[in-house]
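These notes are about the structure you will find just below.
The values are calculated or read from the model by the stated rules, or taken from the named source; none is laboratory data. All figures in this text were calculated on a predicted structure; none of them were measured in a lab. Using ideal geometry, Cβ is built from the backbone for each residue, glycine included, and neighbour counts are taken over all protein chains shown.
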Amino acid sequence: MSDVTTNQTPARNRDKPWLMRTYSGHSTARASNTLYRTNLERGQTGLSIAFDLPTQTGYDADEPIARGEVGRVGVPVSHLGDMETLFDQIPIEKMNTSMTINASAAWLFALYIAMADKRGVSRGDLAGTIQNDIVKEYLSRGTYIFPPAPSLKLTTDTIIFSVAEVPKWNPINVCPYHLQEAGATPVQEIAFALANAIQILDDVKASGTVSDEGFARVVGRISFFVNAGIRFVTEMCKMRAFTELWDEICAQRYGVEDPKLRRFRYGVQVNSLGLTEQQPENNVYRILLEMLAVTLSKGSRARAVQLPAWNEALGLPRPWDQQWSLRLQQIVAHETDLLEFGDIFEGSHEIAARTAELKEAAWAELATIEKLGGATQAVETGYMKQKLVEANSARVSAIEAGDISVIGVNMFTESAPSPLTEGSDGGFMTVGAGAEDEQIENLKAWRAARDTDAATAAVENLKSAAREGRNIMEPSIACAKAGVTTGEWGRALREAFGEYRAPTGLAAASAAAPADAMTKAHEHVEAASKALGRRVKLLVGKPGLDGHSNGAEQIALRARDCGMEVVYQGIRLSPEQIAASAVEESVHVVGLSILSSAHIR
């Protein structure tokens, strides 16, 4: 009897499942290590490390600007001892480790390598990824430190070092993911990400330190971290467009002959921007549908997938919430017959047409960026940021107007109480204040126990390498082994390179709010301004280290376009700076955007 009539699956060759990860880390290295080992025992096949904001922005836990941020949105790693604790009892020579780290990527990579050297693990056995995409930090995520030129130099340093010393490592994950989180359209995601990758490869080639053969290997180690939203047919076509465009760019622009080295290698976390606080249980279905976009089509299937938890619009996921997302991946990979077939969309006219449409529009946007001088110029002039602010404004306005449907938000808003959020914890995990105090005490003990002279000498060598334009990686590894801290590494390079404030994108951006609502708001502003005797003036402040500026930007944009005078100076301001600006600018209203809950401390 055939499998058609018995519903039994015949013997088929199944493709190997993608790497399964959950993005996690919190409180302390010890607590995060326990979480990682638990997740691995439950079937997770790779690690995805979330670092806290001080670690991401090159500060120590005891610096004033880090107060309230330590361990809150990720794990704090202040020195080699923390890295060793984080990976205690985890065989790194067998592990594929992804680290979401960018401005300080060279440092965290150096700590990981120093740990491997100390364990006697060959660098050639290390497999994993550092995100290391600084361009998208200027555009969306906000954890940049240095100006674009030296930041891109750090990126090329890690790439050149990695290809030679750690050949199984992906030294960069170009990240259209965060562009979608900032409101990018599919075309902008494709074009901005590819422009970024082109800029990086052009810089590596221009460095003169890599042979033609070596450059092809560099191309082959470029990976991408992509987003997948709810419009999963378009999202799947976006992945196919990415795959085809990257192959064409690698062949035509860089002359890479080996098709394996031209492969679009990407991992995915599905959309977090679309997860809702209202009726959050519905997010489970959103996550599943978004995952299908990157797994159904074999020709452009993701190599690694990490899914957010259903409650990430509420707060930090609990271990059970992460397990639920992992089980979703496992059911798709192991219970269905998805991995037994070829590309089920091959030959579809609809899929081919939508893919071609996206490619054509992306080529046009790439040409615009090339005319500006490439991705770096498009960042420094504010072009990319402006386009993202406008796109996000259009998205928000479409939701408000009902042109984009969001169940529980602007459709079917009536709901029975959810048992998932009725517990004493509200349905999510919180980080206790004790984690920060513990990290600070451990940091003080680390400094007291190390060889101070060796640490000082290592930092001086690091500064010299930075000023002389030498590759930063070996001096950073030497710093790690000498007991240098994250804040000391960051401070040394701040001295060498300076710090940077990125364009806000508001100056030339236009809002897309519904006309009726804007008219009414404008009338109220005019009346208030008349009563005050001058224009209503609003200061929008973004304190703390969190760089996700969507909310602050949209408030500033709407306020400006309904007639207010707006002061918005960008991200990462201290309370003292905001207060001084409010007095100096004589504002009537101060609004704050704080996403990391750092203000609680």
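For the criterion of being closer than 19 Å to L366 by Cβ, of a type outside the set (K, R) and either within 17 Å of the chain's Cα centre (by Cα) or surrounded by fewer than 24 Cβ atoms within 10 Å (Cβ to Cβ) (or both), T185 passes. Candidates in region 67-117 are the residues that are part of a loop (DSSP other than H, G, I, E, B) and charged (D, E, K, R); of these, the one that is surrounded by the most Cβ atoms within 10 Å (Cβ to Cβ) is E69. Determine, yes or no, whether A309 is assigned to a loop (DSSP other than H, G, I, E, B), farther than 26 Å from V219 by Cα and not basic (K, R). Criteria met by A309.
Go through region 276-301 and give me each residue that's outside any helix (DSSP H, G or I) and closer than 27 Å to A241 by Cα.
Listed by number, the residues that qualify are L296, S297, R301.
Within region 293-351, the set of residues being crowded, with 20+ Cβ neighbours inside 10 Å and among the polar types (S, T, N, Q) comprises T295, S297, S300, Q306, N311, Q322, S325, Q329. Working only within region 199-237, note down all residues that are touching a strand residue (DSSP E or B) at 6+ places or on another chain (Cβ under 8 Å) and either of a type outside the set (S, T, N, Q) or more than 23 Å from H178 (Cα to Cα) (or both). Correct list: I200, L201, R221, I222, F224, F225, V226, A228. Scanning for something buried (at least 21 other Cβ atoms within 10 Å of the Cβ), farther than 30 Å from P150 by Cα and modelled with pLDDT of 85 or more, does region 546-553 turn up at least one residue? No: region 546-553 contains no residue that is buried (at least 21 other Cβ atoms within 10 Å of the Cβ), farther than 30 Å from P150 by Cα and modelled with pLDDT of 85 or more. Given the condition buried (at least 24 other Cβ atoms within 10 Å of the Cβ), in contact (Cβ under 8 Å) with a residue 12 or more places away in the chain, of a type in the set (A, V, I, L, M, F, W, C) and under 25 Å from L19 (Cα atoms), answer yes or no: does some residue in region 130-152 qualify? Yes.
Taking the numbered list (1) outside any helix (DSSP H, G or I); (2) in contact (Cβ under 8 Å) with a residue 40 or more places away in the chain in turn, G208 passes all entries but (2). Listed by first and then second residue, the pairs linking a residue in region 287-303 that is more than 14 Å from V226 (Cβ to Cβ) and in contact (Cβ under 8 Å) with a residue 12 or more places away in the chain to a residue that is β-branched (V, I, T) and assigned to a loop (DSSP other than H, G, I, E, B), with Cβ atoms under 7 Å apart and 6 or more places separating them unless they lie on different chains, are I287/V270; L289/I230; L296/I344. If you go through region 318-340 and keep only what is part of a loop (DSSP other than H, G, I, E, B) and either modelled with pLDDT of 95 or more or touching a Pro at 6+ places or on another chain (Cβ under 8 Å) (or both), you end up with E335, T336, D337.
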